[in-house]
Amino acid sequence: MPCSDFGHPFLHEATTTFAVMPNIIVEGGKSLSGTVQVLGAKNAVLKEMVSTLLAPGRHRLTNVPSILDVELMCQVLEHTGCKVEKGHHELWIVVPEELKPEAPIDLVRAMRASIVVLGPLLAMCGEARVALPGGDDLGARPIEWHMGGLEQMGAEFQLVHGELVASVEGRLVGTEVELPFPSVGATENLLFAGVLAQGETVIVNAAREPEIVDLAKQLSAMGAVIEGAGTSLITIRGVDRLRPVGHHVIADRLEAGTYAVAGAITAGDVTVTGCHPDHLRMEMKKLAEAGCDVELGDGWLRVRGPERAVAVDFATLPFPGFHTDMHPQMVALLSVAEGTSVITENLYDARFRYVGEMARMGADIQIEAQHAIVRGVDSLSGCPVLAPDIRAGAALVVAGLVAEGVTEVGDATHIDRGYEDLAGRLASLGAAIERSE
Ligand code: EPU
(Lines give C-alpha, C1' and ligand atoms only; values in the text may rest on other atoms or scores of the structure.)
Protein backbone atom coordinates (compact mmCIF):
# COMPACT_ATOMS: atom_id res chain seq x y z
CA MET A 1 0.00 0.00 0.00
CA PRO A 2 1.52 3.37 -0.92
CA CYS A 3 1.91 5.86 1.91
CA SER A 4 -0.76 8.11 0.51
CA ASP A 5 -3.33 5.37 1.21
CA PHE A 6 -2.47 5.25 4.89
CA GLY A 7 -4.57 8.23 5.75
CA HIS A 8 -2.13 10.06 8.03
CA PRO A 9 -1.16 13.38 6.40
CA PHE A 10 2.02 13.72 8.52
CA LEU A 11 3.36 10.55 6.93
CA HIS A 12 3.68 12.22 3.55
CA GLU A 13 6.10 14.67 5.04
CA ALA A 14 8.04 11.91 6.81
CA THR A 15 8.53 9.75 3.72
CA THR A 16 10.20 12.44 1.65
CA THR A 17 13.48 11.81 3.51
CA PHE A 18 13.89 8.15 2.48
CA ALA A 19 11.80 8.07 -0.69
CA VAL A 20 14.13 5.68 -2.53
CA MET A 21 14.43 2.95 0.14
CA PRO A 22 11.88 0.46 1.39
CA ASN A 23 10.70 1.85 4.71
CA ILE A 24 8.41 0.74 7.48
CA ILE A 25 6.47 3.64 8.88
CA VAL A 26 4.80 3.34 12.24
CA GLU A 27 2.75 5.75 14.28
CA GLY A 28 3.13 4.98 17.97
CA GLY A 29 0.41 4.76 20.57
CA LYS A 30 -1.83 1.86 19.55
CA SER A 31 -2.22 -1.05 21.93
CA LEU A 32 -1.90 -4.34 20.03
CA SER A 33 -4.39 -7.12 20.53
CA GLY A 34 -5.42 -10.28 18.75
CA THR A 35 -3.84 -13.41 17.37
CA VAL A 36 -0.99 -13.88 14.95
CA GLN A 37 0.26 -17.17 13.53
CA VAL A 38 3.96 -17.65 12.92
CA LEU A 39 5.53 -19.38 9.92
CA GLY A 40 8.54 -21.66 9.55
CA ALA A 41 11.87 -20.63 11.05
CA LYS A 42 14.35 -18.81 8.84
CA ASN A 43 17.25 -20.45 10.64
CA ALA A 44 15.80 -23.91 10.05
CA VAL A 45 14.51 -23.61 6.51
CA LEU A 46 17.78 -22.23 5.10
CA LYS A 47 19.69 -25.31 6.32
CA GLU A 48 16.87 -27.66 5.35
CA MET A 49 17.04 -26.29 1.81
CA VAL A 50 20.79 -26.99 1.82
CA SER A 51 20.40 -30.52 3.19
CA THR A 52 18.49 -31.46 0.03
CA LEU A 53 21.86 -31.33 -1.78
CA LEU A 54 22.67 -34.61 0.00
CA ALA A 55 20.05 -36.61 -1.96
CA PRO A 56 19.40 -36.36 -5.70
CA GLY A 57 15.69 -36.25 -6.58
CA ARG A 58 12.66 -34.12 -5.74
CA HIS A 59 12.29 -32.75 -2.19
CA ARG A 60 9.39 -30.81 -0.73
CA LEU A 61 9.45 -28.28 2.09
CA THR A 62 6.28 -26.87 3.65
CA ASN A 63 5.70 -24.02 6.14
CA VAL A 64 8.33 -22.02 4.25
CA PRO A 65 8.24 -18.30 5.09
CA SER A 66 8.18 -15.87 2.22
CA ILE A 67 11.35 -13.99 3.18
CA LEU A 68 14.33 -12.60 1.31
CA ASP A 69 16.84 -15.12 2.71
CA VAL A 70 14.79 -18.01 1.30
CA GLU A 71 14.94 -16.29 -2.11
CA LEU A 72 18.70 -15.94 -1.75
CA MET A 73 19.11 -19.59 -0.77
CA CYS A 74 17.06 -20.57 -3.84
CA GLN A 75 19.71 -18.77 -5.89
CA VAL A 76 22.52 -20.60 -4.08
CA LEU A 77 20.87 -23.96 -4.83
CA GLU A 78 20.16 -23.00 -8.45
CA HIS A 79 23.83 -22.10 -8.84
CA THR A 80 24.73 -25.68 -7.91
CA GLY A 81 22.37 -27.00 -10.59
CA CYS A 82 19.17 -27.57 -8.58
CA LYS A 83 15.76 -26.58 -9.88
CA VAL A 84 13.53 -24.80 -7.39
CA GLU A 85 9.76 -24.48 -7.77
CA LYS A 86 7.96 -22.12 -5.43
CA GLY A 87 4.41 -22.47 -4.14
CA HIS A 88 2.53 -20.68 -1.37
CA HIS A 89 4.71 -21.37 1.68
CA GLU A 90 6.05 -24.42 -0.14
CA LEU A 91 9.17 -25.28 -2.09
CA TRP A 92 10.04 -28.18 -4.35
CA ILE A 93 13.74 -28.65 -4.87
CA VAL A 94 14.94 -30.99 -7.60
CA VAL A 95 18.55 -32.01 -6.97
CA PRO A 96 20.54 -33.36 -9.94
CA GLU A 97 22.89 -36.38 -9.75
CA GLU A 98 25.83 -34.09 -10.59
CA LEU A 99 26.17 -30.84 -8.65
CA LYS A 100 28.30 -27.84 -9.47
CA PRO A 101 30.17 -27.52 -6.14
CA GLU A 102 30.32 -23.73 -5.91
CA ALA A 103 29.00 -20.80 -3.93
CA PRO A 104 30.40 -17.57 -5.38
CA ILE A 105 31.13 -14.39 -3.44
CA ASP A 106 28.07 -12.40 -4.52
CA LEU A 107 25.77 -15.08 -3.06
CA VAL A 108 27.83 -15.61 0.10
CA ARG A 109 28.03 -11.84 0.66
CA ALA A 110 24.30 -11.45 0.22
CA MET A 111 23.69 -14.20 2.75
CA ARG A 112 26.42 -15.52 5.01
CA ALA A 113 24.43 -18.68 5.82
CA SER A 114 25.41 -19.89 2.31
CA ILE A 115 28.59 -21.31 3.83
CA VAL A 116 26.68 -24.31 5.14
CA VAL A 117 26.83 -25.71 1.59
CA LEU A 118 30.45 -26.58 2.42
CA GLY A 119 29.60 -29.84 4.22
CA PRO A 120 27.06 -31.18 1.69
CA LEU A 121 29.17 -30.27 -1.35
CA LEU A 122 32.24 -31.93 0.14
CA ALA A 123 30.21 -35.01 1.04
CA MET A 124 28.55 -35.26 -2.39
CA CYS A 125 31.28 -34.05 -4.76
CA GLY A 126 34.52 -34.49 -2.82
CA GLU A 127 35.25 -30.84 -3.50
CA ALA A 128 33.76 -27.38 -2.91
CA ARG A 129 34.65 -23.84 -3.87
CA VAL A 130 32.93 -21.50 -1.46
CA ALA A 131 33.77 -17.83 -1.08
CA LEU A 132 35.10 -17.07 2.39
CA PRO A 133 32.51 -14.84 4.06
CA GLY A 134 33.92 -11.67 5.54
CA GLY A 135 32.44 -10.14 8.67
CA ASP A 136 28.90 -8.83 8.58
CA ASP A 137 26.58 -6.46 10.45
CA LEU A 138 27.02 -8.48 13.63
CA GLY A 139 30.81 -8.67 13.70
CA ALA A 140 33.76 -10.75 12.47
CA ARG A 141 31.97 -14.14 12.48
CA PRO A 142 34.86 -16.43 11.48
CA ILE A 143 34.32 -20.05 10.34
CA GLU A 144 37.49 -21.76 11.57
CA TRP A 145 35.49 -24.28 13.64
CA HIS A 146 33.58 -25.41 10.54
CA MET A 147 36.87 -25.86 8.70
CA GLY A 148 38.73 -27.45 11.62
CA GLY A 149 36.03 -30.12 12.06
CA LEU A 150 35.91 -30.90 8.35
CA GLU A 151 39.72 -31.12 8.28
CA GLN A 152 39.57 -33.69 11.06
CA MET A 153 37.24 -35.67 8.78
CA GLY A 154 39.78 -35.62 5.96
CA ALA A 155 39.07 -32.38 4.09
CA GLU A 156 41.84 -30.06 2.96
CA PHE A 157 41.40 -26.33 2.51
CA GLN A 158 43.23 -23.72 0.52
CA LEU A 159 42.36 -20.06 0.35
CA VAL A 160 42.70 -18.97 -3.27
CA HIS A 161 41.83 -15.36 -4.17
CA GLY A 162 39.24 -15.12 -1.38
CA GLU A 163 37.71 -18.49 -2.17
CA LEU A 164 37.93 -21.57 0.04
CA VAL A 165 38.89 -24.47 -2.15
CA ALA A 166 38.08 -27.65 -0.25
CA SER A 167 38.72 -31.22 -1.28
CA VAL A 168 38.76 -34.70 0.16
CA GLU A 169 40.42 -37.84 -1.16
CA GLY A 170 37.65 -40.41 -1.47
CA ARG A 171 35.05 -40.18 1.28
CA LEU A 172 34.99 -38.05 4.43
CA VAL A 173 35.79 -40.18 7.46
CA GLY A 174 33.87 -39.98 10.71
CA THR A 175 35.75 -38.97 13.84
CA GLU A 176 35.21 -37.15 17.14
CA VAL A 177 35.10 -33.37 16.76
CA GLU A 178 35.00 -31.21 19.87
CA LEU A 179 33.75 -27.69 19.21
CA PRO A 180 35.27 -24.92 21.38
CA PHE A 181 31.80 -23.31 21.53
CA PRO A 182 28.38 -24.72 20.54
CA SER A 183 28.34 -23.00 17.15
CA VAL A 184 25.09 -23.49 15.23
CA GLY A 185 26.67 -23.30 11.77
CA ALA A 186 29.65 -25.53 12.63
CA THR A 187 27.33 -28.16 14.14
CA GLU A 188 25.24 -28.08 10.96
CA ASN A 189 28.20 -28.35 8.60
CA LEU A 190 29.51 -31.33 10.60
CA LEU A 191 26.07 -32.96 10.62
CA PHE A 192 25.94 -32.61 6.83
CA ALA A 193 29.43 -34.03 6.49
CA GLY A 194 28.80 -36.86 8.93
CA VAL A 195 25.60 -38.31 7.46
CA LEU A 196 27.42 -39.61 4.36
CA ALA A 197 30.86 -40.11 5.95
CA GLN A 198 32.54 -43.44 6.46
CA GLY A 199 31.96 -44.63 10.03
CA GLU A 200 30.88 -42.66 13.08
CA THR A 201 31.10 -38.91 13.62
CA VAL A 202 30.69 -37.57 17.13
CA ILE A 203 30.13 -33.85 17.70
CA VAL A 204 31.08 -32.88 21.24
CA ASN A 205 29.77 -29.55 22.57
CA ALA A 206 27.25 -29.43 19.72
CA ALA A 207 24.71 -26.61 19.47
CA ARG A 208 21.36 -27.62 21.02
CA GLU A 209 19.08 -25.22 19.15
CA PRO A 210 15.58 -26.47 18.20
CA GLU A 211 16.41 -25.71 14.55
CA ILE A 212 19.20 -28.31 14.77
CA VAL A 213 16.74 -30.85 16.13
CA ASP A 214 14.43 -30.10 13.20
CA LEU A 215 17.28 -30.43 10.71
CA ALA A 216 18.22 -33.80 12.22
CA LYS A 217 14.56 -34.84 11.89
CA GLN A 218 14.61 -34.03 8.17
CA LEU A 219 17.96 -35.79 7.68
CA SER A 220 16.73 -38.85 9.59
CA ALA A 221 13.65 -39.04 7.36
CA MET A 222 16.08 -38.95 4.42
CA GLY A 223 17.75 -42.07 5.84
CA ALA A 224 20.48 -40.59 8.03
CA VAL A 225 21.31 -42.21 11.36
CA ILE A 226 21.62 -39.48 14.01
CA GLU A 227 21.40 -39.70 17.79
CA GLY A 228 21.46 -36.95 20.38
CA ALA A 229 20.30 -33.92 18.34
CA GLY A 230 19.19 -31.33 20.87
CA THR A 231 21.92 -32.40 23.31
CA SER A 232 25.59 -31.45 23.45
CA LEU A 233 26.67 -34.84 22.09
CA ILE A 234 25.51 -35.80 18.61
CA THR A 235 26.47 -39.15 17.15
CA ILE A 236 26.08 -39.80 13.43
CA ARG A 237 26.57 -43.14 11.69
CA GLY A 238 27.36 -42.50 8.04
CA VAL A 239 25.24 -44.19 5.36
CA ASP A 240 25.93 -44.66 1.62
CA ARG A 241 22.99 -42.76 0.21
CA LEU A 242 20.07 -40.60 1.31
CA ARG A 243 16.65 -40.18 -0.32
CA PRO A 244 14.52 -37.07 -0.96
CA VAL A 245 11.59 -36.46 1.40
CA GLY A 246 8.92 -33.93 2.33
CA HIS A 247 9.52 -31.90 5.49
CA HIS A 248 7.44 -29.38 7.45
CA VAL A 249 9.67 -26.58 8.76
CA ILE A 250 9.61 -25.94 12.53
CA ALA A 251 7.98 -22.68 13.75
CA ASP A 252 10.05 -19.52 13.98
CA ARG A 253 10.64 -18.83 17.68
CA LEU A 254 12.19 -15.45 16.87
CA GLU A 255 9.16 -14.30 14.91
CA ALA A 256 6.97 -15.51 17.80
CA GLY A 257 9.15 -13.71 20.34
CA THR A 258 9.09 -10.49 18.34
CA TYR A 259 5.26 -10.42 18.33
CA ALA A 260 5.24 -11.23 22.04
CA VAL A 261 7.44 -8.19 22.75
CA ALA A 262 5.26 -6.06 20.46
CA GLY A 263 2.29 -7.01 22.66
CA ALA A 264 4.28 -6.33 25.82
CA ILE A 265 5.58 -2.89 24.86
CA THR A 266 2.14 -1.61 23.82
CA ALA A 267 0.43 -2.81 27.03
CA GLY A 268 -1.46 -5.06 24.64
CA ASP A 269 -2.80 -8.59 24.62
CA VAL A 270 -1.24 -10.70 21.88
CA THR A 271 -1.62 -14.43 21.30
CA VAL A 272 0.90 -16.13 19.05
CA THR A 273 -0.14 -19.45 17.53
CA GLY A 274 1.69 -22.10 15.53
CA CYS A 275 4.74 -21.83 17.83
CA HIS A 276 6.52 -23.93 20.44
CA PRO A 277 6.57 -21.96 23.72
CA ASP A 278 9.15 -24.45 25.04
CA HIS A 279 11.64 -22.90 22.63
CA LEU A 280 11.20 -19.47 24.19
CA ARG A 281 11.28 -20.31 27.88
CA MET A 282 14.05 -17.92 28.89
CA GLU A 283 12.68 -15.06 26.79
CA MET A 284 9.16 -15.52 28.22
CA LYS A 285 10.60 -15.77 31.74
CA LYS A 286 12.25 -12.37 31.24
CA LEU A 287 9.02 -10.89 29.87
CA ALA A 288 7.23 -12.14 32.99
CA GLU A 289 9.97 -10.61 35.21
CA ALA A 290 9.44 -7.35 33.33
CA GLY A 291 5.82 -7.36 34.51
CA CYS A 292 4.02 -9.10 31.63
CA ASP A 293 1.32 -11.65 32.14
CA VAL A 294 2.62 -14.64 30.14
CA GLU A 295 0.63 -17.79 29.42
CA LEU A 296 2.19 -20.73 27.61
CA GLY A 297 -0.05 -23.34 25.99
CA ASP A 298 0.24 -26.22 23.58
CA GLY A 299 1.33 -24.53 20.34
CA TRP A 300 0.53 -21.01 21.51
CA LEU A 301 1.59 -18.28 23.89
CA ARG A 302 -0.19 -15.18 25.14
CA VAL A 303 1.45 -12.01 26.43
CA ARG A 304 -0.39 -9.19 28.16
CA GLY A 305 1.78 -6.16 28.72
CA PRO A 306 1.75 -4.01 31.88
CA GLU A 307 1.08 -0.25 31.73
CA ARG A 308 4.82 0.13 32.16
CA ALA A 309 7.39 -2.68 32.22
CA VAL A 310 10.03 -2.87 34.94
CA ALA A 311 13.77 -3.25 34.36
CA VAL A 312 15.29 -6.74 34.06
CA ASP A 313 18.84 -7.93 33.41
CA PHE A 314 19.70 -10.67 30.95
CA ALA A 315 22.69 -12.22 29.20
CA THR A 316 22.55 -13.80 25.75
CA LEU A 317 23.67 -17.43 25.52
CA PRO A 318 23.29 -20.41 23.20
CA PHE A 319 20.00 -22.33 23.56
CA PRO A 320 18.39 -22.77 26.06
CA GLY A 321 19.75 -19.38 27.18
CA PHE A 322 18.34 -16.01 26.16
CA HIS A 323 18.64 -15.84 22.35
CA THR A 324 20.92 -13.13 20.98
CA ASP A 325 18.41 -12.63 18.16
CA MET A 326 15.79 -11.53 20.74
CA HIS A 327 18.19 -9.09 22.42
CA PRO A 328 17.40 -5.87 20.45
CA GLN A 329 13.61 -6.37 20.68
CA MET A 330 13.87 -6.88 24.45
CA VAL A 331 16.04 -3.76 24.74
CA ALA A 332 13.30 -1.82 22.93
CA LEU A 333 10.92 -2.85 25.73
CA LEU A 334 13.43 -2.08 28.49
CA SER A 335 14.24 1.32 27.01
CA VAL A 336 10.83 2.51 28.24
CA ALA A 337 10.71 0.37 31.41
CA GLU A 338 10.87 1.67 34.95
CA GLY A 339 14.45 1.41 36.20
CA THR A 340 17.84 0.38 34.84
CA SER A 341 18.55 -2.92 33.07
CA VAL A 342 21.93 -4.44 32.34
CA ILE A 343 22.24 -6.55 29.20
CA THR A 344 25.25 -8.72 28.45
CA GLU A 345 25.81 -9.77 24.84
CA ASN A 346 27.93 -12.92 24.69
CA LEU A 347 27.65 -13.92 21.04
CA TYR A 348 28.34 -10.99 18.74
CA ASP A 349 30.91 -8.23 19.06
CA ALA A 350 28.90 -5.77 16.93
CA ARG A 351 25.36 -6.53 18.05
CA PHE A 352 25.04 -3.11 19.71
CA ARG A 353 25.21 -1.19 16.43
CA TYR A 354 21.50 -0.38 16.63
CA VAL A 355 21.89 1.48 19.93
CA GLY A 356 22.75 4.75 18.18
CA GLU A 357 19.49 4.55 16.22
CA MET A 358 17.49 3.90 19.40
CA ALA A 359 19.27 6.82 21.05
CA ARG A 360 17.94 9.04 18.23
CA MET A 361 14.47 8.04 19.45
CA GLY A 362 15.39 9.14 22.97
CA ALA A 363 16.51 5.85 24.51
CA ASP A 364 19.17 6.15 27.22
CA ILE A 365 21.59 3.28 26.57
CA GLN A 366 25.24 3.22 27.52
CA ILE A 367 27.62 0.58 26.15
CA GLU A 368 30.47 -0.74 28.28
CA ALA A 369 32.37 -3.50 26.43
CA GLN A 370 29.81 -6.30 25.90
CA HIS A 371 27.31 -4.77 28.33
CA ALA A 372 24.51 -2.30 27.71
CA ILE A 373 23.14 -0.23 30.57
CA VAL A 374 19.59 0.68 29.66
CA ARG A 375 18.03 3.43 31.77
CA GLY A 376 14.31 3.38 31.09
CA VAL A 377 12.91 6.69 29.84
CA ASP A 378 9.32 7.90 30.16
CA SER A 379 8.77 7.96 26.42
CA LEU A 380 10.46 7.61 23.05
CA SER A 381 10.01 10.04 20.24
CA GLY A 382 9.50 8.89 16.65
CA CYS A 383 12.03 9.88 13.99
CA PRO A 384 13.70 8.44 10.85
CA VAL A 385 16.05 5.57 11.78
CA LEU A 386 17.90 2.92 9.78
CA ALA A 387 17.67 -0.84 10.32
CA PRO A 388 21.26 -2.08 10.73
CA ASP A 389 20.38 -5.82 10.67
CA ILE A 390 17.35 -8.13 10.78
CA ARG A 391 16.64 -8.18 14.51
CA ALA A 392 17.68 -4.60 15.22
CA GLY A 393 15.37 -3.56 12.39
CA ALA A 394 12.50 -5.43 14.03
CA ALA A 395 13.41 -3.84 17.38
CA LEU A 396 13.25 -0.33 15.91
CA VAL A 397 9.79 -1.10 14.53
CA VAL A 398 8.76 -2.41 17.96
CA ALA A 399 10.12 0.76 19.60
CA GLY A 400 8.16 2.80 17.05
CA LEU A 401 4.94 1.16 18.27
CA VAL A 402 5.19 3.20 21.50
CA ALA A 403 7.15 6.23 20.35
CA GLU A 404 5.36 9.55 20.21
CA GLY A 405 4.61 10.45 16.59
CA VAL A 406 5.99 8.68 13.55
CA THR A 407 9.01 6.41 13.31
CA GLU A 408 10.28 5.68 9.85
CA VAL A 409 12.53 2.61 9.75
CA GLY A 410 14.64 2.84 6.61
CA ASP A 411 16.59 -0.03 5.01
CA ALA A 412 13.70 -2.35 5.74
CA THR A 413 15.25 -4.87 3.34
CA HIS A 414 17.16 -6.14 6.38
CA ILE A 415 13.84 -6.89 8.07
CA ASP A 416 12.54 -8.64 4.92
CA ARG A 417 15.43 -11.09 5.22
CA GLY A 418 13.84 -12.69 8.27
CA TYR A 419 10.21 -11.58 8.62
CA GLU A 420 7.36 -12.19 6.23
CA ASP A 421 5.31 -8.99 6.06
CA LEU A 422 6.19 -7.71 9.54
CA ALA A 423 4.24 -4.49 8.91
CA GLY A 424 1.12 -6.29 7.66
CA ARG A 425 1.12 -8.70 10.59
CA LEU A 426 1.53 -5.93 13.16
CA ALA A 427 -1.23 -3.99 11.38
CA SER A 428 -3.49 -7.04 11.77
CA LEU A 429 -2.94 -6.69 15.55
CA GLY A 430 -3.99 -3.04 15.44
CA ALA A 431 -0.71 -1.18 14.83
CA ALA A 432 -0.79 1.98 12.72
CA ILE A 433 1.93 0.81 10.39
CA GLU A 434 2.63 0.51 6.72
CA ARG A 435 5.40 -0.20 4.29
CA SER A 436 6.52 2.07 1.53
CA GLU A 437 8.65 0.88 -1.37
N1 EPU B 1 32.11 -18.50 15.72
C2 EPU B 1 33.49 -18.50 15.62
N3 EPU B 1 34.07 -19.40 14.79
C4 EPU B 1 33.34 -20.29 14.05
C5 EPU B 1 31.93 -20.28 14.16
C6 EPU B 1 31.34 -19.36 15.01
O7 EPU B 1 34.18 -17.72 16.27
O8 EPU B 1 33.94 -21.10 13.31
C9 EPU B 1 31.46 -17.53 16.63
C10 EPU B 1 30.64 -16.49 15.87
O11 EPU B 1 31.44 -15.45 15.38
C12 EPU B 1 29.65 -16.05 16.92
C13 EPU B 1 29.41 -17.34 17.74
O14 EPU B 1 30.52 -18.19 17.45
O15 EPU B 1 30.24 -15.11 17.74
C16 EPU B 1 28.13 -18.07 17.44
O17 EPU B 1 28.04 -18.32 16.05
P18 EPU B 1 27.20 -19.51 15.44
O19 EPU B 1 28.11 -20.29 14.55
O20 EPU B 1 26.48 -20.24 16.52
O21 EPU B 1 26.13 -18.71 14.57
P22 EPU B 1 25.75 -18.90 13.04
O23 EPU B 1 25.55 -20.33 12.73
O24 EPU B 1 26.69 -18.13 12.21
C25 EPU B 1 23.16 -18.81 13.48
C26 EPU B 1 22.01 -17.96 13.02
C27 EPU B 1 22.10 -16.58 13.64
C28 EPU B 1 22.11 -16.72 15.17
C29 EPU B 1 23.25 -17.65 15.60
C30 EPU B 1 23.26 -17.93 17.09
C31 EPU B 1 21.48 -18.81 10.86
C32 EPU B 1 21.41 -18.58 9.40
N33 EPU B 1 22.01 -17.85 11.59
O34 EPU B 1 24.35 -18.15 13.02
O35 EPU B 1 20.90 -15.90 13.26
O36 EPU B 1 22.28 -15.46 15.75
O37 EPU B 1 23.15 -18.91 14.91
O38 EPU B 1 22.08 -18.52 17.49
O39 EPU B 1 21.05 -19.83 11.35
C40 EPU B 1 19.47 -14.08 12.70
O41 EPU B 1 18.60 -14.92 12.45
O42 EPU B 1 19.23 -12.84 12.74
C43 EPU B 1 20.86 -14.55 12.97
C44 EPU B 1 21.91 -13.75 12.98
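Among the trypsin sites (Lys or Arg not before Pro) found in the range 207-315, those both in a DSSP coil and sparsely packed, with 16 or fewer other Cβ atoms within 10 Å of their Cβ, are Arg241, Arg308. The residues packed around Gly246, meaning those with a beta-carbon under 14 Å from its beta-carbon, carry a net charge of 0 if Lys and Arg are +1 and Asp and Glu are -1.
The equivalent ellipsoid that matches the C-alpha gyration tensor of the range 331-394 spans semi-axes of 17, 16, 9 angstrom, in descending order.
At a probe radius of 1.4 angstrom, the accessible area of the chain per residue rounds to 38 square angstrom. Evaluated over the Cα positions of the chain, the convex hull gives a direction-averaged projected area, one quarter of its surface, of 19.2 nm².
Convex hull volume of the Cα atoms of the range 42-248, normalised per residue: 101 Å³. Which listed residue (Gly81, Gly228, Cys383) has the Cα farthest towards the positive end of the charge dipole for the chain, taking +1 on Lys and Arg C-beta and -1 on Asp and Glu C-beta about the Cα centre? Ranked along the dipole, the leading option is Gly228.
Each of Ile24, Leu280, Val397 was placed along the dipole of the chain (beta-carbon charges, centred on the mean Cα), and the one lying farthest toward the positive end is Leu280.
Rg/Rh for the range 18-128 (Cα atoms only, Rh after Kirkwood) is 1.09.
The phi-based Karplus calculation (6.51 cos²θ - 1.76 cosθ + 1.60; θ = phi - 60°) puts the 3J(HN,Hα) values of the range 61-76 at 10, 10, 6, 8, x, 8, 10, 4, 5, 5, 4, 5, 5, 4, 5, 4 Hz, whole numbers, x for Gly and Pro. The equivalent ellipsoid that matches the C-alpha gyration tensor of the range 55-102 spans semi-axes of 19, 13, 6 angstrom, in descending order.
The apolar share of the surface of the range 42-248, taken as the fraction of accessible area on carbon and sulfur atoms (1.4 Å probe, ligands and nucleic acids excluded), comes to 49 percent. With the whole protein complex present, Trp92 retains an accessible surface near 60 Å², based on a 1.4 Å probe.
The values are calculated or read from the model by the stated rules, or taken from the named source; none is laboratory data. Computed from a prediction, not measured in an experiment: that's the story for all the values here. Cβ: placed from backbone, ideal geometry, glycine included. Neighbour counts: every protein chain shown. For accessibility, only protein heavy atoms count, side chains too; no ligands or nucleic acids. Shrake-Rupley method; radii C 1.70, N 1.55, O 1.52, S 1.80 Å.
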